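The values are calculated or read from the model by the stated rules, or taken from the named source; none is laboratory data. Because the structure is predicted, anything quoted here is derived from the model rather than measured. Cβ placement follows ideal geometry from the backbone for every residue including glycine, while neighbour counts extend to all protein chains displayed.
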Amino acid sequence: MISEAPPFWWRKADWRAWLLLPLSFLYGRIAGHRMAHARRASVPVPVICVGNFTVGGAGKTPTALTIARAAKAKGLKPGFLSRGYGGSLDVTTVVDPDHHRAIAVGDEPLLLAQEALTVISRRRIEGAARLVAEGADLIIMDDGFQSARLAIDYALLVIDATRGLGNGHIVPGGPVRAPIRQQLRSATALLKVGGGNAADRIVRMAARAAKPYFTASLKVRGDNTLAGTKVLAFAGIADPAKFFRTVESRGAEIVVAKSFGDHEHLTEEEIDDILTTAERQGLLIVTTSKDFVRLSGHHGKAARLVEKSRVIEVDMVFEDHLAPSLIIDRAIVACRERRLREIKTAAKAIPEKV
């Protein structure tokens, strides 16, 4: 999957999107066929998948964290399953936030592991089995909706109300991962995040397909006011502009804004530039949780940047505060129904004794 979304993906379709249309058509046919016909392995616990329609950030990780907190409040032991994108390890691994670094396991798994049991695996089936063996009674998949080979009991697709589907074209002409109708058929519900009307069309399509949708917004955690503070803000996430808007919403004046690629590990030169620019202009350095964990555990200038940075932490807050618990309950019911069907199918396959 493409990790860095070209800017033209998020604007009205231009000649580049149309020029790439044949490739988008081919990619869409393959992706749609895989979604419709993939054999999915079953695990004995409920599986919730938090995905999105497009490449790039829509708020999947904060959503997964909110659901995990709701699960723990219900007395469950949730476990996160992640591919470990951006990390170097290619073996199924239980993430230890006190031992692993982002360069090995990826930045998002490190954030998830601070909340609950987390396993990274390039092979989702193997990763899910490891979570069950470790005692998880609910699996929350962070991404993997279009490509997972696991039976999913509840698929929640997150969409940003400001960005929507971008230009609406499928990769590589746009950010959409697979044909929208196929994605909707496989989805259980939608989560619209933030204000704006860019997601209205997909919400209407979901309504016609009898898919429920929830609304939520990202809220800054705690009393993190920056009123009147001049800052240098840096972010290496899928949508840095969203982070910069969040910083400004806390009253800060962004004097310098630096954007980097999603999951990108900063070079020594980039770190030095941030430190010297902030020191020269007397600016407070602010960044995201993901960028912070990527820098953590290093020495030298990276450690100094960690020390100098203020992290702006955000939570996904559902408009209906009972929604995460409801999602979990429905996943549990769907899992029971799935397991019952499997038992009946297995029973039919056993030949009757004469």
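Observations
- Of residues in segment 7-35 being more than 23 Å from the chain's Cα centre (by Cα) and of a type in the set (Lys, Arg), the one nearest to residue 166 (Cα to Cα): 12
- Selected residue (criterion: surrounded by the most Cβ atoms within 10 Å (Cβ to Cβ)) from residues of segment 44-71 that are in a helix (DSSP H, G or I) and polar (S, T, N, Q): 63
- Residue selected from segment 203-217 under the condition buried (at least 19 other Cβ atoms within 10 Å of the Cβ) and modelled with pLDDT of 95 or more, by the criterion nearest to residue 245 (Cα to Cα): 216
- Just one of the listed residues (276, 246) is part of a helix (DSSP H, G or I), out of contact with any helix residue (DSSP H, G or I) (no Cβ under 8 Å at 6 or more places or on another chain) and surrounded by fewer than 20 Cβ atoms within 10 Å (Cβ to Cβ), namely 276.
- Residue 128 falls short on exactly one of the conditions (1) more than 11 Å from residue 43 (Cα to Cα); (2) out of contact with any Phe, Trp or Tyr (no Cβ under 6 Å at 6 or more places or on another chain), and that condition is (1).
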